[in-house]
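This report concerns only the one structure given below.
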Amino acid sequence: MHERILIIDFGSQVTQLIARRVRESGVYSEIHPFNTVTVETIKAFNPKGVILSGGPASVTGIDTPRAPDGLFDMGLPILGICYGEQTMCEQLGGKVEESDSREFGRAYVDVIEDCDLFHGMWTVGTKEQVWMSHGDKITKIPEGFRPVAVTDGAPFAAIANDAKHFYGVQFHPEVVHTPHGAQLIENFTHRICGCAGDWTMDKFREEEISKIRAQVGEGRVICGLSGGVDSSVVAVLLHEAIGDQLTCVLVDTGMMRKNEVKDVIKMFKEHYDIKLVLADAAYLFIGKLEGVSDPEKKRKIIGATFIDVFEEEAKNVGGAEFLAQGTLYPDVIESVSFTGGPSVTIKSHHNVGGLPERMNMKLIEPLRELFKDEVRVLGRELGLPESFVGRHPFPGPGLAIRLPGGISKEKLEILRNADWVYLDEIKKSGLYDEIWQAFVVLLPVQTVGVMGDARTYDFVCALRAVTSTDGMTADFYHFDMEFLARVSNRIINEVKGINRVTYDITSKPPGTIEWE
Ligand code: XMP
């Protein structure tokens, strides 16, 4: 079994970044909600160390979350981050109080003592940038601890109990705004917990293949293929594991981009000899979505319709009992309040929160614990051509979530044409690989314009382009104005039905990448 780090989640919106940083250090990690963790589950998980996440609650409140008390007697190294540091202090006899001087955003810590956490990065006497987000403050640390870094607002910005290997930081080392944060986490996993870093993609691939073989046996599997990197990686991984027992199904939802269905089939057939069927379900999806404008309702209908189509296709291939899909870790985190945990649901990704309760097939989701950039690494490991690996993500619900309000065939056609022009310009300008994802959103708003000598009353569209590493946070892409002017001109001239173009300059958070 791999070396593992357990992350106990107290509901911070950035807990998943802790998992990323731990995995980047070559150590497997999982996030478990605080309310599901007991001494027994920790023993069963057998971690080399435990990280306590941040969270929105206040340690000073009544009945707010705590780590299981027995955790501190298990002899495991522990790193408490923000709320995690505070609850560790409180549970070990220290004191946390509400404070008037809250610290949010960039801050600077003074490093006052050496500490294993700072090895190779910070030395005594320096001032270092970190990212803070806290209201309460620790006013007394438990016996055995010493302060190792301070800020004006947090006299215990970092603390250490070297004998027990307990550490706490008030700042967030998992976010990029703490420039040496990744190294601090690696110091914890390697130097303090003694991990060697045995989690690599080739091992992951081998293990997933054995797991799939064990799960499927002689059974048949259908795999939903969209042509995006996730489902392509799943298809190739499954094919490696079970060969001809696999049939891929490309569902034409009627909400795909222009030429997409044709292009995906061509691309796949050129490179792979894997069984692929096309399920033409456009009429079904569009029919069910008629008159529906609530984003979550749309997502649920789409999730359920996908399953109807897959169940039908499962019969057609002689009774497949397994459905494979390219669900990613962020889909899981954002869709469900993490396995019943304390963070809130952002949106129901179609293949997780959008799944119907009644479902006859068993799911195979080999990427469920991976982030997008990890999937790309796995794709390269599996020898997928760059044309697959480098494709922009495209959501399962497709253009339906890029048409706020109700959808119609006419609107879909307008959106498809505008989207095609936009991506064509991006590719021609050599920007495709610099951008994580770019698309057009067609707004349910009409405005007045003048074209030639005539009045127009047509739709407005918004262009969206973002940079990101994993889709969890994103910045809008900073196009130059010439480029935007060119796209705007082309869309208005070439796409009937649009007379105004805007550019979305919202990052994530506070926005999400898609509009719905
Ligand atoms: P958001 O909009 O949540 O998107 O910031 C993050 C990434 O996920 C994609 N996305 C989805 N992908 N099914 C998918 O397969 C979905 O239901 C879904 N919703 C969002 C989105 O395109 C972006 O890359």
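Rule-based calculations on the coordinates, nothing more; no lab input. Because the structure is a prediction, the values reported are computed rather than measured. Neighbour counts run over all protein chains shown; Cβ positions are idealised from the backbone, glycine included.
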Spatial separation of Cα centroids for region 2-43 and region 195-251, in angstrom: 24
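Please state the relative contact order of the chain as a whole percent: Cα pairs under 8 Å, 6+ residues apart?
On the way: 1033 pairs, mean separation 54.9, N = 516.
After rounding, I find 11 percent.
Taking only C-alpha pairs under 8 Å that are 6+ residues apart, what is the relative contact order of region 94-152 in percent?
52
Name the shape class, rounded, prolate or oblate, that the alpha-carbon gyration tensor gives for region 41-102, where a ≥ b ≥ c are the square roots of its eigenvalues, rounded holds for a/c under 1.5, and otherwise prolate holds if a/b is larger than b/c and oblate otherwise. Spell out each step's value before the answer.
Values: a/c = 2.22, a/b = 2.09, b/c = 1.06.
Verdict is prolate for region 41-102.
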Footprinting exposure proxy for Arg391, Arg358, Arg106 (fewest neighbouring C-beta atoms within 10 Å first): Arg358, Arg106, Arg391
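Can you give the Rg/Rh ratio of region 254-327, where Rg is from the C-alpha atoms and Rh is the Kirkwood radius?
Details: Rg = 14.2 Å, Rh = 14.2 Å.
Using Cα coordinates only, the ratio equals 1.00.
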Extension reserve of the Glu296-Ser210 stretch, reckoned as 0.36 nm per residue once the Cα distance is removed: 27.3 nm
Whole-number D in µm² s⁻¹ for region 335-476, Kirkwood Cα-pair radius fed into Stokes-Einstein, 20 °C, 1.002 mPa s: 118
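Below 8 Å, C-alpha to C-alpha, sequence gap of six or more: please give me the relative contact order for region 381-516 in percent.
On the way: 195 pairs, mean separation 33.6, N = 136.
It comes to 25 percent, rounded to a whole number.
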Ratio of Rg to Rh over region 150-216 (Cα coordinates, Kirkwood Rh, two decimals): 1.20
Two-decimal log10 I(q)/I(0) for region 434-516, as the Debye equation yields it once each C-alpha is a single scatterer, q = 0.18, 0.21, 0.23, 0.25 Å⁻¹: -0.78, -0.97, -1.08, -1.19
Local net charge near Val124, Cβ-Cβ under 14 Å (Lys/Arg +1, Asp/Glu -1): -3
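Provide the gained length on full extension for the span Asp453 to Asn493, in nm with one decimal, where the gain is 0.36 nm per separating residue minus the Cα-Cα distance.
Gain on extension, Asp453 to Asn493, equals 13.0 nm.
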Inter-site label distance for Glu357 and Lys288 at 7 Å from Cα along Cβ, in nm: 1.7
Percent of Cα-Cα distances greater than 12 Å, calculated over region 284-325: 62
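Ratio to report: Rg/Rh of the chain, with Cα atoms as the point set and Rh obtained by the Kirkwood method; give two decimals.
Values: Rg = 25.1 Å, Rh = 24.9 Å.
With Rh from the inverse mean 1/r over Cα pairs, Rg/Rh is 1.01.
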Anisotropy class of region 1-140 from Cα gyration tensor, a/c 1.5 cut: oblate
Burial ordering of Met74, Met132, Met267, fewest other beta-carbon atoms within 10 Å first: Met74, Met267, Met132
Relative exposure of Tyr457, Tyr272, Tyr167, judged by other C-beta atoms within 10 Å (fewest first): Tyr457, Tyr272, Tyr167
Anchor Lys288: lysines whose Cα lies under 23 Å away (excluding residues fewer than 8 positions away in-chain): Lys258, Lys297, Lys298, Lys300, Lys315, Lys347, Lys409, Lys411
5 Å binning of all Cα-Cα separations within region 377-421, expressed as whole percents from 0 upward: 5, 18, 20, 17, 11, 11, 11, 7, 1
Charge dipole (debye, nearest 20) of the chain; +1 at Cβ of Lys and Arg, -1 at Cβ of Asp and Glu: 1040
Debye-sum result for region 92-216 in log10 I(q)/I(0), which assumes one identical scatterer on each alpha carbon, at q = 0.10, 0.23 Å⁻¹: -0.40, -1.40
More than 14 angstrom apart: percent of Cα pairs within region 215-284: 58
Alpha carbon centroid spacing (whole Å) that separates region 459-494 from region 127-177: 41
Under 18 Å from Lys427, Cα to Cα: aspartates and glutamates that are on another chain or at least 8 residues apart: Glu260, Asp263, Glu386, Asp419, Asp480, Glu482, Glu494
